[in-house]
Amino acid sequence: MFYLEKEKHSLSLLNPAILVIDVQNYFFQKDAPAYLRGSERILKNIIQLLTEVKSIKKDIPVIGTIHKGWNDNMHNWWGNVVTNEWAVPLVPQELLDNLIEKSTYDAFYDTNLNDLLKSKNVNQLIITGVMTHLCCETTARSGFVRGYKIVMVEDCLWDKDEWYHYASLKNIAHGFGVIANKDEILQILKAIE
């Protein structure tokens, strides 16, 4: 794939956590205000990834986020509000170790995510979810400046369309993280088991 820069940075998984960003019906349900066409594909991939990770290495923390959208700046920009009916997580609860509510793109902003990761000795974030160029990329950049190694799981991320998705991954690959797919993640975890 054109956006990978793996020759510079190899993929290794040491003390990771998996972030599942905003996998909620606000983005995945067809009648939702912010439905992302094609999001069904990654929902299946995310659930498969998490199910297999839980069977291989149960000690990898899996942290979900739910975008609640109560931030004034977000509301002023987008003009909408995420009500409770649209804030329902879609990943089965047994696959998540923690669920964090957030109000803006950055999952670290005004949440306990950093403290939670530090308490679990995490030094790497495997990022999945939506939208690649907004919440996922912002969280990846924020994690990077906090000292975390970043892995973006290309086939477990999605956006408004392919252009936004691939442009975001190209940006991340250039200066913030490694791009992988779910099979590469699983292969490495099986090898180090």
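The values are calculated or read from the model by the stated rules, or taken from the named source; none is laboratory data. All of these numbers come straight from a predicted model, not from anything done at the bench. Methodologically, a virtual Cβ is constructed for each residue, glycine included, from the backbone with ideal geometry; neighbour enumeration extends over all protein chains shown. Surface accessibility is based on the protein's heavy atoms, side chains included, excluding ligands, DNA and RNA. Shrake-Rupley method; radii C 1.70, N 1.55, O 1.52, S 1.80 Å.
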Legend entry - Hits in the stretch 73-100 (condition: acidic (Asp, Glu) and either at pLDDT below 95 or under 17 Å from Pro33 (Cβ atoms) (or both)): Glu85
Inset, instruction - For the stretch 145-189, enumerate the residues that are in contact with a helix residue (DSSP H, G or I) (Cβ under 6 Å, 6 or more places away or on another chain) and in a helix (DSSP H, G or I). - result: Tyr164, His165, Ser168, Ile172, Lys182, Leu186, Leu189
Legend entry - Number of the condition not met by Asn123 [criteria: (1) polar (S, T, N, Q); (2) touching a Leu at 6+ places or on another chain (Cβ under 9 Å); (3) open to solvent by less than 50 Å² (accessible area, probe 1.4 Å); (4) within 24 Å of Glu52 (Cβ to Cβ)]: (3)
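Yes or no, residue by residue, for (1) at pLDDT 95 or above; (2) in contact with a Pro (Cβ under 8 Å, 6 or more places away or on another chain); (3) among the hydrophobic types (A, V, I, L, M, F, W, C):
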{"site": "Asn114", "(1), (2), (3)": "yes, no, no"}
{"site": "Ile126", "(1), (2), (3)": "yes, yes, yes"}
{"site": "Leu134", "(1), (2), (3)": "yes, no, yes"}
{"site": "Thr138", "(1), (2), (3)": "yes, no, no"}
{"site": "Ser142", "(1), (2), (3)": "yes, no, no"}
{"site": "Val145", "(1), (2), (3)": "yes, no, yes"}
{"site": "Tyr148", "(1), (2), (3)": "yes, no, no"}
{"site": "Val151", "(1), (2), (3)": "yes, yes, yes"}
{"site": "Tyr164", "(1), (2), (3)": "yes, no, no"}
Legend entry - the stretch 109-132, residues that are within 11 Å of the chain's Cα centre (by Cα) and outside any strand (DSSP E or B): Met131, Thr132
Inset, instruction - Give, as residue ranges, the helices (runs of 4 or more DSSP H) completely inside the stretch 1-108 that count at least 2 residues that are open to solvent by 60 Å² or more (accessible area, probe 1.4 Å) and without any contact (Cβ under 8 Å) to a residue 40 or more places away in the chain. - result: 39-56, 72-78
